[in-house]
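The values are calculated or read from the model by the stated rules, or taken from the named source; none is laboratory data. Bear in mind that the values here come from a model prediction, so they are computed numbers and not experimental data. Counting neighbours? That spans all protein chains shown, and the Cβs are built from the backbone with ideal geometry, glycine included.
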Amino acid sequence: MLSGVTAVLEIEGLRKTYRSRFRGARQALDGFDMVVEAGQVHGFLGPNGSGKTTTLRTLLGLIRPNGGRMAILGEEVPVRLPAVAGRVGAIVESPQFFPHFSAQDTLSLLADAGEVPQARVPEVLELVGLRDRAKERVKTYSLGMKQRLAVASALLKSPELLILDEPANGLDPGGIREMRDLMRQLSASGMTVVLSSHILGEVQQICDSVTIISLGRRVASGPVAEVLAQHSGGGVVVRLESATDLPQAAQVLVAAGARVDLKPDHLLVTGIEKPAWVTRTLAGHDLYVNELAPVTVDLESVFLELTGTAPVAGQHRQVDQSVEVPA
Amino acid sequence: MKGLIRAEVRRLAKRRVTRLMVVLLVLGLGAIAVAFTAASTKVGPAQVAAAEAETQRQYEESLRMHQQNLAECEAARTRGENVSLYWPPDCSTDPGFAPQRDQFDTSWNLPYEFHFRDQFGTFISVFAGILALFGFIVGASYVGAEWHTGAMMNLLLWRPRRLSVLFTKLGVLLGGVLGITVVLGALWTAAFWLIGRYDGQTGKMTQGAWESFALTGARGAGLVLAVTAVAFGLASIGRHTAMALGAAVGVGVLSEIGIRIALTVAQVRFADRWVLSTYVLAWFQKRWELQEWRACNLSASGQCEPDIFIVTWQQSALVFGLGTAVVLAAAIWLMRSRDIT
């Protein structure tokens, strides 16, 4: 184990460069770090082309890294991956199955290959809601049904670590909620879940911690609440009894050392230690606060800020086009 | 490991291409056997008597035509026409122009009779060729479709030892194809022996004759396995069934047409020495003789004899073995080193 006794997944300084004779070299991972503690639901976030799938594929032995160290369940990978693979369930990117086999056959063959009891097949089909369609060919399935089958295949070996890349992709709203409940249920049973997703509202709801990757580097990590707090900026929204007093109030606060953004009906004040300081300072100049509220951020705004992928009017951002943000 | 082998055996047997190809294979081989059952007739006294009667009728018909021609010639000569344009100058006073009875062979009018000992060797080659085609399609599709659909990647998440997965798949495929070859080969032999027994002749089947068939069959099975392995290797290299099919068409066109034409134009001696099918022929015939007609070696009798180049089955074994080894080595190297994206 690299560090920490409860870490289920550890990545240190992972590097991967794709080389093409015609397109040259492209650095997909540039010293990426990640730690997932046992029993957590961990969100793994990043814009398209940021290195998420490369990280997961490298972790699972599908891609060879150029440097760095990885460990799963205390075993160094890829060296010890064959020993630990039976304890890790994973789906990587879009679900991929042989289209002419039924879900039942697909899982049954995987169970044989992984030496998992066949009795587990109907259990996971029931769990993901495919029981009644299990004997139909996969080619007749919708994307959401294939996604359910992919999750079933990952759950087949009752893993200690479950890695899911975009598990809600293609699911209907009911399916997304079922998937959310399933994640919670699995986590409650002691399973560690790593969840890569672009549905940030979902991630915020069900994840205990997150890692955000951009341009192949970690730009944020930790418990969701901490990451949000770190990027809220400690700002407050200030409203006065009369909006005409806002310019004067702004001058007072700037003179006192705060940073102020003057809006038509309120002030956005940052760079202060305590919100009470604003009330006290303005009251000293006969300006009375009508409303004082902390600025709240959600995971989406933090994600867009950290990865530099917020849409800009009139511009068409290209895949891989992110702003470098210090880790 | 047993679980993976069991899974791969089930996967191969469940595949639609495998099942369809087995059905087509059995139907195709069955159709050939049935066609030869219908075509072959056991020759007995009645067939010989009928053939002799027919031969006699043909002789008499020919004689009648000859005499009619003579009469027409005589008539033309009497009219003073120049008969030498169409008939002999003396209207065939030469008896050599008249049909002779011994020029009409009774065997020409005998029905086709299959002779197991003399002809079954060719049918072993036909069987091996059909099985090689079967092995090629099933082998290429088995691993090509796995790669193309992503099922291989999924499997590698369960069994990260890549070479173990590749070798298991190859082993199961070769085992399956060999099993089908042996079973159908036995049925094929039995079918043609029965055709010989009841609709033709078996000939005197000595132990040596059976051993010769067994060796030809073993060489045929070897070729089937080599072709299957090459198809598997090519599809694995290209991660698509079409890679193997494309390579087969490419090699076929290049070797059988391109090289043959180019070397012939360049007047290279024994051009067919560089063509793949020459080695297939040598493999089944044990030796294949190439002749260089532009050379002229005077024989003792003063005749012009061509140069000879012999291709042996051992040389064929070397060519097929090396080709198979190179393709499989490339597939193994790529399986070990490639990023699966």
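The combined condition, being outside any helix (DSSP H, G or I), among the small types (Gly, Ala, Ser) and either modelled with pLDDT of 90 or more or in the same structural domain as B:Thr37 (by TED's automatic domain parsing) (or both), is not fulfilled by B:Gly208. Of the listed requirements (1) within 21 Å of A:Ala7 (Cα to Cα); (2) loosely packed, with under 15 Cβ neighbours inside 10 Å, A:Val35 misses just one: (2).
If you check A:Gly86 against the conditions, is it assigned to a strand (DSSP E or B) and in the same structural domain as A:Ser196 (by TED's automatic domain parsing)?
no
Please verify whether B:Ser212 is surrounded by 13 or more Cβ atoms within 10 Å (Cβ to Cβ) and either over 24 Å from B:Ile308 (Cα atoms) or over 20 Å from the mean Cα position of the chain (by Cα) (or both), treating the condition exactly as stated.
Yes; evaluated as a whole, the condition is true for this residue.
The residues listed here are B:Arg273, B:Arg260, B:Arg239, B:Arg219; of these, the one that is in contact with a strand residue (DSSP E or B) (Cβ under 9 Å, 6 or more places away or on another chain) and either crowded, with 20+ Cβ neighbours inside 10 Å or in contact (Cβ under 8 Å) with a residue 12 or more places away in the chain (or both) is B:Arg273. Within region A:230-272, the only residue that satisfies the criterion of being in a strand (DSSP E or B), exposed (fewer than 15 other Cβ atoms within 10 Å of the Cβ) and either β-branched (Val, Ile, Thr) or in the same structural domain as A:Gly31 (by TED's automatic domain parsing) (or both) is A:Thr270.
Quick test for you: out of A:Leu182, A:Leu155, A:Leu162, pick the one residue that is touching an Asp or Glu at 6+ places or on another chain (Cβ under 9 Å), crowded, with 18+ Cβ neighbours inside 10 Å and in the same structural domain as A:Thr58 (by TED's automatic domain parsing). Result: A:Leu155 is the single residue among A:Leu182, A:Leu155, A:Leu162 that is touching an Asp or Glu at 6+ places or on another chain (Cβ under 9 Å), crowded, with 18+ Cβ neighbours inside 10 Å and in the same structural domain as A:Thr58 (by TED's automatic domain parsing).
Has region B:64-87 got at least one residue that is over 30 Å from B:Leu194 (Cβ atoms), at pLDDT below 90 and within 14 Å of chain A (Cβ to nearest Cβ)? Looking for residues that are over 30 Å from B:Leu194 (Cβ atoms), at pLDDT below 90 and within 14 Å of chain A (Cβ to nearest Cβ), one finds none in region B:64-87, hence no. Taking every residue in region B:141-166 that is facing another protein chain (nearest Cβ under 7 Å) and without any contact (Cβ under 8 Å) to a residue 40 or more places away in the chain and pairing it with any residue that is in a helix (DSSP H, G or I) and of a type in the set (Ser, Thr, Tyr), at least 6 positions away or on another chain, the pairs with Cβ-Cβ distances below 8 Å are B:Asn154/A:Ser153.
When region A:41-63 is filtered for residues that are basic (Lys, Arg) and touching a residue at least 40 places away in the same chain (Cβ under 8 Å), only A:Lys52 remains. Has region B:40-63 got at least one residue that is within 14 Å of another protein chain (Cβ to nearest Cβ) and touching an Asp or Glu at 6+ places or on another chain (Cβ under 9 Å)? Taking every residue of region B:40-63 in turn, none turns out to be within 14 Å of another protein chain (Cβ to nearest Cβ) and touching an Asp or Glu at 6+ places or on another chain (Cβ under 9 Å). Under the condition of being surrounded by fewer than 18 Cβ atoms within 10 Å (Cβ to Cβ) and at the interface with another protein chain (Cβ under 7 Å from one of its Cβ atoms), the residues counted in region A:87-128 number 3.
Within region B:18-70, the set of residues being among the hydroxyl-bearing types (Ser, Thr, Tyr) and closer than 30 Å to B:Leu187 by Cα comprises B:Thr18, B:Thr37, B:Ser40, B:Thr41.
For the criterion of being touching a Leu at 6+ places or on another chain (Cβ under 7 Å), more than 8 Å from chain B (Cβ to nearest Cβ) and either closer than 16 Å to B:Arg159 by Cα or at pLDDT below 90 (or both), A:Val84 passes.
Scanning region B:199-247 for residues that are touching a helix residue (DSSP H, G or I) at 6+ places or on another chain (Cβ under 7 Å) and of a type in the set (Ser, Thr, Tyr) gives B:Thr202, B:Thr216, B:Thr228, B:Ser236, B:Thr241.
Listed by position, the strands (runs of 3 or more DSSP E) inside region A:177-229 whose residues that are in contact with a Cys (Cβ under 9 Å, 6 or more places away or on another chain) number at least 2 are A:192-196.
Answer with yes or no whether B:Glu289 is under 18 Å from the mean Cα position of the chain (by Cα) and either closer than 27 Å to B:Gly220 by Cα or surrounded by fewer than 16 Cβ atoms within 10 Å (Cβ to Cβ) (or both). Taking the combined requirement at face value, the residue satisfies it. Given the condition away from chain A (no Cβ under 14 Å) and not in a helix (DSSP H, G or I), answer yes or no: does some residue in region B:7-27 qualify? No, region B:7-27 contains no residue that is away from chain A (no Cβ under 14 Å) and not in a helix (DSSP H, G or I).
Listed here are the residues, each with its yes/no results for (1) at pLDDT 90 or above; (2) farther than 20 Å from A:Leu110 by Cα; (3) outside the structural domain of B:Arg197 (by TED's automatic domain parsing).
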position	(1), (2), (3)
B:Arg6	yes, no, no
B:Met21	yes, yes, no
B:Leu24	yes, yes, no
B:Glu52	yes, yes, yes
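Within region B:315-338, take every residue that is within 14 Å of another protein chain (Cβ to nearest Cβ) and surrounded by 14 or more Cβ atoms within 10 Å (Cβ to Cβ) and give me the one that is nearest to B:Phe167 (Cα to Cα).
Among residues in region B:315-338 that are within 14 Å of another protein chain (Cβ to nearest Cβ) and surrounded by 14 or more Cβ atoms within 10 Å (Cβ to Cβ), the one nearest to B:Phe167 (Cα to Cα) is B:Met335.
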